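**Q** Let me give you the structure first, and then I'll get to my questions.
What follows is calculated from the coordinates using simple rules that are stated; it is not laboratory data. Please read these numbers as outputs of a predicted model, since none were measured by experiment. Quick reminder, even Gly has a Cβ in these numbers, built from the backbone with ideal geometry, and neighbours come from all protein chains shown.
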Amino acid sequence: MTTLLLSLLLALAQSVPPGVRPLPAPLSVARWWDPPPTPYAAGHRGVDLSAPVGAELRAVAAGRVHYAGLVAGRGVLSLALPNGLRTTYEPVRPLVTEGEQVAAGQVVAVLTEGSHCPAPCLHWGLLAGETYLNPLSLLPRPTPRLLPAGSSAAGV
């Protein structure tokens, strides 16, 4: 049953058109997604991306602002995406308001101090209902390309 649910949720996440990066490339992951074995167990329910305070954050897909405000003293922005997905950014100063429609790639927040990382970072999360998913699944996949036989990959 758990495998079926996870497969369904991953298919749901992949049904959203590939998004844009919340921060400029290249993304630097300070801490990877580490889902808990049960809903209330310890784990890391998002991805921490290294970025300087003041970095502009972009909507990874078109959607509607679900929440923009403080949670436990930290600025949080939550965007409702197509197919019932919701993505969150923290700690941020939102530049949009609840209910506002946003476009993919639109600057929606600015990174602030107060992260739980040793250096400034964006905690980026993804939810399908009450289940956390890997937010990196929203990013476009690189397009593989074949090289001629015997060629070197140097300079690619």
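**Q** Output the peptides 44-57, 97-110 sorted from most to least packed, where packing is the average of other Cβ atoms within 10 Å over each peptide's residues.
**A** Ranking, from highest mean packing down: 44-57, 97-110.
**Q** Given region 19-156, report the % of alpha carbon pairs whose separation exceeds 19 Å.
**A** 52
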